1. Roll a 1.4 angstrom probe over the protein heavy atoms and tell me the percent of accessible area of segment 5-48 that is carbon or sulfur.
2. Per the helix-only calculation at 222 nm, which mean residue ellipticity applies to the chain, given -39500 (n - 2.57) for every DSSP H run of n ≥ 4 and division by its residues, nearest 500 deg cm²/dmol?
3. Give me the angle, in degrees from 0 to 90, between the Cα long axis of helix 3-15 and the longest principal axis of the Cα atoms of the chain, rounded to the nearest 10.
4. Put +1 on the Cβ of each Lys and Arg and -1 on the Cβ of each Asp and Glu in the chain; which of V61, N44, H4 then has its Cα farthest toward the positive end of the dipole?
5. At 1.002 mPa s and 20 °C, plugging the Kirkwood radius over alpha-carbon pairs of segment 14-88 into Stokes-Einstein gives what diffusion coefficient in µm²/s?
6. If R₀ is 25 angstrom, what is the calculated FRET efficiency for the pair K67 and E34, using the beta carbon separation as r and rounding to 0.05?
7. Could you derive backbone 3J(HN,Hα) for segment 29-35 from the dihedral phi with the Karplus parameters 6.51, -1.76 and 1.60 (θ = phi - 60°), listing whole Hz in sequence and x where the residue is Gly or Pro?
8. If the only charges are +1 at each Lys and Arg Cβ and -1 at each Asp and Glu Cβ, what is the size of the charge dipole of the chain around the Cα centre, to the nearest 20 debye?
Amino acid sequence: MNEHELNNFRDFVNRNPDVQRLVSAVNSPEQIVELATSRGFALNTTDLLIGAREWNESHWVWAGQPKQFFRFFFHEGRLPGPSELNAG
């Protein structure tokens, strides 16, 4: 993992309201990686998974969500449906 690159991307997003709006509307971790790549950052979904556990700012799609949401998003690569968060 390139921790320096990951931190630089997080700082970039946290300073840029336009990018914050984009990351708050993603449907998969791959979309965040694509956004990062399009802005010149070299990240992959594994890097993002490792770093994102500590990212709680409101613009991250998983912020304020239960741990189950995080698992769906990163391990299944998608947003969970409303009934999936209450199942099991």
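The values are calculated or read from the model by the stated rules, or taken from the named source; none is laboratory data. Note that the structure is a prediction, hence the values are computed from the model and not measured. So basically every Cβ, Gly included, is an ideal-geometry build from the backbone, and we count neighbours across all protein chains shown. SASA here: full protein model, heavy atoms, side chains in, ligands and nucleic acids out. Shrake-Rupley method; radii C 1.70, N 1.55, O 1.52, S 1.80 Å.
1. Answer for segment 5-48 is 46 percent, counting heavy atoms of protein chains only.
2. Values: 6 runs with 48 residues, N = 88.
So the calculated ellipticity at 222 nm is -14500 deg cm²/dmol.
3. Long axis of 3-15 versus the principal axis of the chain: about 80 degrees.
4. V61
5. 168 µm²/s
6. Approximately 0.50, to the nearest 0.05.
7. Once rounded to whole Hz, the list reads x, 4, 5, 5, 4, 4, 4.
8. 200 debye
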